[in-house]
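The values are calculated or read from the model by the stated rules, or taken from the named source; none is laboratory data. These numbers were taken from a predicted model, which means no experiment stands behind them. Cβ placement follows ideal geometry from the backbone for every residue including glycine, while neighbour counts extend to all protein chains displayed.
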Amino acid sequence: MNTPIQTVTDLASQTRIKYGTVKSSGISGFFKNTDIEHFSKMWAQMSEIQPSSMVDTTEEGFNKVNEGNYAFFWDTTVNKYKTIEDCDLMEVGPPFDPKGFGIGVPTGATYTEELSMAILKLSDTGRLNEMENKYVTILFTGQSFW
């Protein structure tokens, strides 16, 4: 499928395709609080100029995408899964606000630094990405993780 929208900047510079995310979500918070000019303009477009582009649930967001002329901002892993599950959906462009992740440990835990270094090593070697891809495949196919 060919699309004139290849990046988030392409999306921001046009008016035909509406876009949005879930109201009061972490992603809406990113747009609302960003200092990056084109993202703050996109926030104004989503929240003030076209408030109907904001949705209450992820299901509503993906349904709007299927209805046409709407792009939905959501978590990269969920988007990957949805594009496998629903062949009418596609993910466009690279993630624009990639997030790391963390693991909660008790205050003062002696293994915090060792755990952090292990996570960074998994990320640097590409193993985290491999595990994410495996997880998405498992969600879709119902295979056992082990």
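Here are a few things to note about the model shown:
- Residue in the stretch 16-23 that is modelled with pLDDT under 90 and either surrounded by fewer than 14 Cβ atoms within 10 Å (Cβ to Cβ) or among the charged types (D, E, K, R) (or both) present: no
- Pairing residues of the stretch 22-43 that are of a type outside the set (A, V, I, L, M, F, W, C) with residues that are in a loop (DSSP other than H, G, I, E, B), at Cβ distances under 6 Å and at least 6 apart in sequence or on separate chains, gives K23/M54; S28/T21; S40/T34.
- The residues of the stretch 61-77 that are at pLDDT 85 or above, assigned to a helix (DSSP H, G or I) and surrounded by 14 or more Cβ atoms within 10 Å (Cβ to Cβ), listed by number, are G61, F62, K64, V65.
- Selected residue [part of a helix (DSSP H, G or I), surrounded by 11 or more Cβ atoms within 10 Å (Cβ to Cβ) and either over 17 Å from the mean Cα position of the chain (by Cα) or at pLDDT below 95 (or both)] from D10, D97: D10
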